[in-house]
Structure formats: C-alpha cells, structure tokens
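Structure first, then comments.
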Amino acid sequence: MANEKLAKAFKYSLSLLFLLVNGWVCQAQNFDWGTALGVELNKKVTKKFNVGLSQEFRLNDQASNLYRSATQIGVEYSFFRKVCKAGLFGTFIRKENKSTLFDSQYRLGADLSAETEYNQLGISFRTRMLSTWRDESLGSYKVNPKLSFRNRLQLDYKLFASPFKPYFSFEPFIYLNAQGGALLDNLRYRLGTSYRLNKRSSFDGCLRLDKEIQVANPESFLSLDLSYKYRF
C-alpha cells in the first residue's frame with residue numbers, strides 16, 4: 001500500500017516537474033542541464049554537536065564541462081530535543097567565470113532550521129545567510145562580498161520498512177545588497193529521495209531545477225544531483 005502511494009506521488013510530482021520545466025524551457029532565453037556529484041562526512045562530537053566536511057563537483061553544458069567545485073567545512077548544534085539546529089560553515093569555491101577562467105571564491109554562512117513530523121510526513125524549514133567574497137583580479141564586481149538570504153521549505157515521506165525517503169523542496173534566493181536594493185533573483189526546486197544503506201551511510205539523488213528571475217538574460221538549469229553521506 002505504501003509503495004502504491006509512493007508511486008502515485010512520484011508520478012504526479014514528476015508530471016508537475018515536467019510541466020514546469022517544459023514551460024520554462026519555452027520561455028527561457030538560456031536553458032542548460034548537467035549534474036552534480038558529491039560526498040559528505042559528518043562526525044558526531046557530542047549528542048548535540050556535529051562537525052561536517054563535504055566536497056561537490058558540478059557540470060554544465062549537457063554535463064560535459066566541470067564549471068564548479070566546492071569544499072565545505074562546518075559545525076552544527078542541535079537544541080530543543082533536536083527539533084532545531086543552528087549551523088556555521090565556510091566554503092572554498094572554484095567557479096568558471098564568463099572568460100572561462102576559474103575564480104576563487106570564499107563563502108561564510110550561518111543557518112537555522114527546524115523540523116517536525118506528522119505520522120510519516122516530515123516538514124522542515126531552513127533559513128540561511130551567506131556572504132561570498134570573489135576574486136577581484138579576475139573580474140570586476142559591482143558588490144563584493146555578495147550577501148544573500150535563502151529560505152528552504154522541504155517535505156519528505158518516511159516509508160514503513162523501506163530504505164527510501166522521498167522529498168520535495170522549494171527555496172527562493174534573495175540578493176540582499178544588489179544595486180537598487182534587495183532582489184529575489186532565483187528559485188530552486190528539488191525532487192528526490194534518500195536511500196539508507198545502514199545506520200551510518202546513505203545515498204541521495206534528486207532533480208534540481210534553478211530558475212533565475214528579475215535579472216537580465218535569465219537562465220534555467222536542470223541538474224541530476226547524486227551524493228554519498230556517511231556519519232561516524
């Protein structure tokens with residue numbers, strides 16, 4: 001019964017995602033697709049305190065070009081019986097710029113999240129603040145660092161006696177120090193599932209759709225994201 005519900009939910013979700021992608025492709029001036037591959041390690045220091053390290057590679061141009069790599073280290077603290085979490089992290093990014101050179105970027109971030117469950121349905125919300133410094137020697141930037149604010153709402157469904165845990169999330173990006181004031185410039189949708197291998201490790205796979213809005217020459221990008229996660 002649970003598998004039938006899952007199949008129906010994925011069928012409707014994929015149909016909706018297809019309609020959204022098809023509509024955006026028809027309207028978008030620039031559309032591309034690619035993939036992202038990553039690995040994430042988390043160390044439990046105490047019952048409430050975790051340290052994490054992750055590495056991710058992203059490809060664009062129909063998954064033929066490596067345009068971004070990101071190495072991130074962070075800490076996370078759980079409180080209110082692990083319902084809420086607060087995190088701090090730093091990220092080193094190598095990203096291809098418009099001149100096809102790789103720009104070194106340094107990012108600091110802080111986030112606050114909360115989650116709850118209703119039977120098998122999980123609901124979580126995360127608010128995140130980011131500050132990204134870019135290399136001025138490889139390009140001129142109107143603002144540096146770039147400040148952004150993101151809020152992600154995620155729904156997931158826990159299947160009985162199954163290693164799969166499907167989810168859907170929506171996340172708008174706000175460019176805080178854009179010229180002329182704060183600007184909502186990107187929308188992100190994710191539809192995927194995690195797969196539990198054992199108590200310590202899992203795989204995660206999703207379709208991620210990024211849609212730029214309110215900017216000159218907006219771009220839409222569809223990506224198949226795959227990652228491996230390990231906790232110890």
Considering only residues that are closer than 23 Å to Leu155 by Cβ, among the charged types (D, E, K, R) and touching a strand residue (DSSP E or B) at 6+ places or on another chain (Cβ under 6 Å), look in the stretch 71-123 and name the one that is least open to solvent (accessible area, probe 1.4 Å). Asp111
Give me the pairs, please: first residue somewhere in the stretch 189-214 and under 18 Å from Arg152 (Cα atoms) and of a type in the set (Val, Ile, Thr), second residue anywhere and open to solvent by 60 Å² or more (accessible area, probe 1.4 Å) and in a loop (DSSP other than H, G, I, E, B), beta-carbon distance under 7 Å, and either six or more positions apart or on two chains. none
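So how many residues does the stretch 120-154 have that are farther than 17 Å from Glu171 by Cα, of a type in the set (Gly, Ala, Ser) and at pLDDT 95 or above?
1
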Pairs needed: first member in the stretch 132-153, assigned to a loop (DSSP other than H, G, I, E, B); second member anywhere, open to solvent by 60 Å² or more (accessible area, probe 1.4 Å); C-beta distance under 8 Å; at least 6 residues apart or different chains. Gly139/Lys98; Gly139/Ser99; Lys142/Gln179; Val143/Gln179; Asn144/Trp133; Asn144/Glu136; Pro145/Trp133
Report, by residue number, each residue of the stretch 156-178 that is within 15 Å of the chain's Cα centre (by Cα), surrounded by 15 or more Cβ atoms within 10 Å (Cβ to Cβ) and hydrophobic (A, V, I, L, M, F, W, C). Phe168, Phe173, Ile174
Could you pull out every one of the strands (runs of 3 or more DSSP E) wholly within the stretch 1-98 that has 3 or more residues that are modelled with pLDDT of 95 or more and under 25 Å from Phe164 (Cβ atoms)? 30-44, 49-60
Every residue from the stretch 159-186 that is among the charged types (D, E, K, R) and closer than 19 Å to Asn198 by Cα: Lys165
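If we scan the stretch 173-180, do we find a residue that is in a strand (DSSP E or B) and either at positive phi or not aliphatic (A, V, I, L, M) (or both)? Working first, answer last.
Going residue by residue through the stretch 173-180, those that are in a strand (DSSP E or B) are 173-175.
From what's left, either at positive phi or not aliphatic (A, V, I, L, M) (or both): 173, 175.
Yes, the stretch 173-180 contains a residue that is in a strand (DSSP E or B) and either at positive phi or not aliphatic (A, V, I, L, M) (or both).
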Being among the aliphatic types (A, V, I, L, M), surrounded by fewer than 14 Cβ atoms within 10 Å (Cβ to Cβ), touching a strand residue (DSSP E or B) at 6+ places or on another chain (Cβ under 9 Å) and within 23 Å of Thr35 (Cβ to Cβ) narrows Leu153, Leu207, Leu197, Leu222 down to just Leu197
Being touching a residue at least 12 places away in the same chain (Cβ under 8 Å), outside any strand (DSSP E or B) and of a type in the set (Phe, Trp, Tyr) narrows it down to one of Phe168, Phe125, Phe160, so name that one. Phe160
Pairs, first within 16 Å of Leu66 (Cβ to Cβ) in the stretch 80-99, second of a type in the set (Val, Ile, Thr) and assigned to a strand (DSSP E or B), C-beta under 6 Å, six or more apart: Phe92/Thr71
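The values are calculated or read from the model by the stated rules, or taken from the named source; none is laboratory data. On a predicted model such as this, the values are computed, not experimentally measured, just so you know. As a convention, Cβ positions derive from the backbone with ideal geometry for all residues, glycine included, and neighbour counts pool all protein chains shown. Note: accessible area is taken over every heavy atom of the protein model, side chains too, but ligands, DNA and RNA are not part of it. Shrake-Rupley method; radii C 1.70, N 1.55, O 1.52, S 1.80 Å.
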